[in-house]
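Colleague: Pasting a structure below so you can have a look.
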Amino acid sequence: MVAHHLLPEIARATPTPTPALTLRVRAKDTVADGVVSLTLARPDGTRLPDWTPGAHVDLVLADGTTRQYSLCGDRWDPYTYRVAVLRETAGRGGSAYVHDRLAAGDPVGVGGPHNHFPLAPADRYLFIAGGIGITPLLPMVHQAELMGIDWQLLYGGRTRASMAFRDHLTTAYGERVHLCPEDEYGLLDLDSWLSRPEPGTKVYCCGPAPLLAAVESACAAWPTYSLRTERFAAAAPAEPVRQTPFEVELRRTGRTITVPPDLSVLHAVRRAGVEVLSSCEQGTCGTCLVPVLTGTPDHRDAVLAEHERAAGDCLLPCVSRSRSDRLVLDL
Amino acid sequence: MSATAAAPAPVPTTDIDPFAAGHLADPAPLHRDLRAAGPVVHLSRYDVHALARYEEVHTALVDWQTFQSGAGVGLANFRHEKPWRPPSLLLEADPPHHDAPRRVLSEILSPLALRRLRESWQSVADDLVDTVLTTQGAEFDAFEALATAFPLRVFPDAVGLGPDGRENLLPYGNMAFNAFGPRNELVRADADRMAGLSAWVNDQCAREALSEDGFGARIWAAADRGDITPVQAPLVVRSLLTAGVDTTVHGLAAALYAFATHPDEWQRLRERPQLGRVAFDEAVRWESPVQTFFRTATTDVEIAGVTVPEGGKILMFLGAANRDPHRWTDPDRFDLTRDPSGHVGFGMGLHQCVGQHVARLEAECLLTALAHRVTHLELAAPPRRHLNNTLRSWASLPVRIRRAT
């Protein structure tokens, strides 16, 4: 239990973003072993903001933590959002809260939707899901179907019973869906699916980090930009390029600060009295994105696309650092 | 609301032509009549249902599921009529086909992406205003000298257009916005220029025609990454050229007209030049450069007790909604103390103007430059309107100014 007099201190250190919406849990259903789906709606039943396949929302839970979950419902239904939440036994408590404490009728703060995993046009799609990674792919599958684009889904999970939406997928789409529970078939046979690059096909993959790494390496010979991935957890942190302090100039504020190796750019900026909205502080949500005017960022986030990193004109200060001695930010 | 099934209320019907010259020149009386007649009015001349109140217009704009854009946002119904040009992938498309082009363009035109333009646009605005004040003296046509000159100075460069033929941009936009209305005199007046203007614009959308660092090149780079297809890229560039020039020109002219006729508000802006952005949005609310757009019902849809049949065209009066007294206090007043948020001058929802941040940045630069240099601004002669089926537009805006010393 945190003593109350400490709360303002904590709030200053990691301000919780004010959620744009407060929705209510309209339904909570178990959709697979260890997976619950939440149906969220406005208390007054009015329209929710539009979204596109691949989008996620931030759920701001009662303890103030924020977690991202992909929208897996029907975008033609403007009144409800649907997310599916896997109980992460090694997680930080967010999923346990959703599973054990959140109940139908409860209010939930919702930020977003944001989309860092949009569906781009293609001649064909190969969707690869690992476990709960099926959630962003579900509306993509529907969309591919609507646009009459050829697609296949390779869906792996620990056991058949742990794989959410499996019955819906096989009933609705039949042979396009390849269910591969690990206890029956072993790991996904990525080589047989990916060894031959297919120009015109885009590979969309979402799942745990080892699956993403395996798919990335299996797609190494594919045309650039064929593979599109989304990670739920932050990317495994690589060592920063520089272990020495660097300078950050806040151009509009007219101040220059020094960022030591043990402090994030975000916190250094805040310490200088400049407020930057942030949310996950793990480089996965994109809330704190700031423009870079000069200098070379050391990108360490999981949000920016390759071309956005290469452009070097913005960074996520919660995790990213600097390659150059000096970074100039538009703050 | 009664739970018993009442006989449907008769729909107010009128044979007025909202695209007649008199209504285009002075739409306010028509808008008042339409708002007063009811939430939905049947326009018998075109067999369309009209919405002129804020609530219904707003509801129709955000409900893309029911109010389709893909059958054309003009009077022509693409289900039965061939469009005069390949439909816009943004304005005249619905999800899912609308998603990828919209995403690419909104990323390229995002406030974040535009920040790198701010400094250079501000200095162009400062130079332009200095030059106008020096060469033209105390009286000049602010429509030509400022509202037209500034966007044409910065926007084609930002897109990456070549130097030749830029004089085609405004006539092309004028033609495209006329084409959303009926095939009246205004449309016929452009008939002999249509092929030539379209060909010029289409040529500018090719990768080779565009510089390497503009919005156009970034659209093509998105095609290289597969975020849109190479077939979509030139059409997305075309959207910039169609929707990005006339609208901004007439939006800036609306702001200048507003200040020339509201001296107190000009002093307010001079005291707080950072109000430039609010001023522009208030001008867009007050004048609504884009006056009307159509949608098409995807199903039999009930609006305020009136059933619009599936496939029926719905005409939304954005200009009337932006002055609906049920939504705005003293709506005919141009008022910088008002919060204009929620105006539908840029549309609303999925199709809301993707270039609005560009327009705001242009307005902010120009108004800031003016506010620092001009102490008084007034009309020197009655301004002249230019008629267009969709745009509330201008031919001239003669002003008299007093320079700051």
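The values are calculated or read from the model by the stated rules, or taken from the named source; none is laboratory data. None of these values were measured; they are calculated from a predicted model. Note that each Cβ is placed from the backbone with ideal geometry, even for glycine, and that neighbours are counted across all protein chains shown. Surface accessibility is based on the protein's heavy atoms, side chains included, excluding ligands, DNA and RNA. Shrake-Rupley method; radii C 1.70, N 1.55, O 1.52, S 1.80 Å.
Colleague: Tell me, what % of the accessible area of the range B:1-128 is carbon and sulfur with a 1.4 angstrom probe? Working shown, then result.
Modeller: On the way: 3380 of 5980 Å².
C and S atoms contribute 56 percent here.
Colleague: Give the separation of the Cα centroids, the range A:104-145 to the range A:43-70, in Å.
Modeller: Spelled out, the Cα-based centre of one part sits 13 Å from the other.
Colleague: Let me ask something else about it. Which of rounded, prolate, oblate describes the protein assembly as shown, given a ≥ b ≥ c as roots of the alpha-carbon gyration tensor eigenvalues and a/c under 1.5 marking rounded, otherwise prolate only if a/b is larger than b/c?
Modeller: Details: a/c = 1.67, a/b = 1.35, b/c = 1.24.
It comes out prolate by the Cα gyration axes.
Colleague: May I pose another question? Give me the accessible area per residue for the protein assembly as shown, probe 1.4 Å, as a whole number in Å².
Modeller: Ligands and nucleic acids excluded, the figure is 43 Å² per residue.
Colleague: Ranked by accessible surface with a 1.4 Å probe, highest first, in what order do B:Ser123, A:Ser322 come? Walk me through the numbers before you get to the answer.
Modeller: Working: B:Ser123 55, A:Ser322 0 Å².
Putting B:Ser123, A:Ser322 in descending order of accessible area: B:Ser123, A:Ser322.
Colleague: Using protein chains only (no ligands, no nucleic acids) and a 1.4 Å probe, work out which residues of the range B:89-118 have their accessible area cut by at least 30 Å² relative to the chain alone.
Modeller: B:Pro96, B:His97, B:Asp99, B:Arg103, B:Glu107, B:Leu112, B:Arg115, B:Arg116
Colleague: Oh, and also: With a 1.4 Å probe and all protein chains kept in place, how much accessible area does A:Leu289 have, in Å² rounded to the nearest 10?
Modeller: Here the residue's solvent-accessible area equals roughly 60 Å².
Colleague: Let me ask something additional. Show me the helices of chain A, taken as full DSSP H stretches, that run 15 Å or more along their long axis by Cα and average -1.0 or above in Kyte-Doolittle hydropathy.
Modeller: Values: long enough: A:134-146 (18 Å, 0.75).
What comes out of the filter, once short or polar helices are dropped, is A:134-146.
Colleague: Further question on the same structure: Net charge around B:Thr299, counting only other residues with Cβ within less than 13 Å of its Cβ (Lys, Arg = +1; Asp, Glu = -1)?
Modeller: Working: positive: B:Arg295; negative: B:Asp63, B:Asp300, B:Glu302, B:Glu310.
It works out to a net charge of -3.
Colleague: Follow-up. Kindly tabulate the residues in the range A:289-331 with an accessible-area decrease of at least 50 Å² between the chain alone and the assembly of all protein chains, using a probe of 1.4 Å.
Modeller: By number: A:His307.
Colleague: Per residue in the range A:144-174, which ones lose no less than 50 Å² of accessible surface when going from chain alone to all protein chains (1.4 Å probe)?
Modeller: Residues passing the criterion (a loss of at least 50 Å², heavy atoms only) are A:Met147.
Colleague: Using a 1.4 angstrom probe on heavy atoms only, work out the carbon and sulfur share of the accessible area of the range B:221-344 in %.
Modeller: On the way: 2040 of 4070 Å².
Of the solvent-accessible surface of the range B:221-344, carbon and sulfur hold 50 percent.
Colleague: Here's something else I'd like to know. Can you give me the solvent accessible area of A:Thr244 with a 1.4 Å probe, rounded to the nearest 10 Å²?
Modeller: 70
Colleague: Another question about this same structure. Write out the trypsin sites (Lys or Arg not before Pro) in the range A:121-224 meeting two conditions: DSSP loop, and at most 14 other Cβ atoms within 10 Å of their Cβ.
Modeller: Numbers: sites: A:Arg124, A:Arg158, A:Arg160, A:Arg166, A:Arg176, A:Lys202; in loops: A:Arg158.
When the trypsin sites (Lys or Arg not before Pro) of the range A:121-224 are filtered for loop state and at most 14 Cβ neighbours within 10 Å, A:Arg158 remain.
Colleague: While we're here: For every helix of n ≥ 4 consecutive DSSP H residues, a contribution of -39,500 (n - 2.57) applies; sum these over chain A, divide by its total residues, and give [θ] at 222 nm rounded to the nearest 500 deg cm²/dmol. It would help to have the intermediate numbers written out before the result.
Modeller: Numbers: 9 runs with 67 residues, N = 331.
Per the formula, -5000 deg cm²/dmol.
Colleague: Tell me which cysteines of the protein assembly as shown come out unpaired when the rule is another cysteine's Cβ under 4.7 Å.
Modeller: A:Cys72, A:Cys180, A:Cys205, A:Cys206, A:Cys219, A:Cys288, A:Cys314, A:Cys318, B:Cys205, B:Cys353, B:Cys365, each lacking another Cys Cβ under 4.7 Å.
Colleague: Working from the pairwise distances between different alpha carbons, so that the mean of 1/r is found and then inverted, what is the range B:91-199's Kirkwood radius in Å?
Modeller: Values: mean 1/r = 0.0586 Å⁻¹.
Final number for the Kirkwood radius of the range B:91-199 is 17.1 Å.
Colleague: With every protein chain left in place, what is the accessible area of B:Arg153 in Å² (1.4 Å probe, nearest 10)?
Modeller: Only protein atoms counted, so the area is about 110 Å².
Colleague: Give me the summed buried accessible area for the A-B pair, 1.4 Å probe, to the nearest 100 Å².
Modeller: Interface between A and B: roughly 2000 Å².
Colleague: Turning to a different aspect of this structure: The range B:45-102: which GluC sites (Glu not before Pro) are DSSP loop and have at most 12 other beta-carbon atoms within 10 angstrom? Don't skip to the end; give the middle numbers.
Modeller: Numbers: sites: B:Glu55, B:Glu56, B:Glu81, B:Glu92; in loops: B:Glu81, B:Glu92.
Passing both the DSSP loop test and the Cβ count: B:Glu81.
Colleague: A further question on this structure: Please report how far the C-alpha centroid of the range B:210-256 lies from that of the range B:350-367, rounded to the nearest whole angstrom.
Modeller: 13
Colleague: Can you sort B:Glu302, A:Glu184, A:Glu230 by solvent-accessible area, 1.4 Å probe, largest first?
Modeller: Numbers: B:Glu302 130, A:Glu184 95, A:Glu230 20 Å².
Of B:Glu302, A:Glu184, A:Glu230, the descending order of accessible area is B:Glu302, A:Glu184, A:Glu230.
Colleague: At a 1.4 Å probe radius, carbon and sulfur cover how many percent of the accessible area of chain A? Kindly include the intermediate steps, with their values, before the conclusion.
Modeller: Details: 7840 of 15160 Å².
About 52 percent, which is the carbon plus sulfur part of the accessible surface.
Colleague: Still on this structure, please answer the following. I want the local charge near A:Gly34. Using Cβ-Cβ distances under 10 Å, sum +1 for each Lys or Arg and -1 for each Asp or Glu among the other residues.
Modeller: Values: positive: A:Arg87, A:Arg158; negative: A:Asp33, A:Glu88.
It works out to a net charge of 0.
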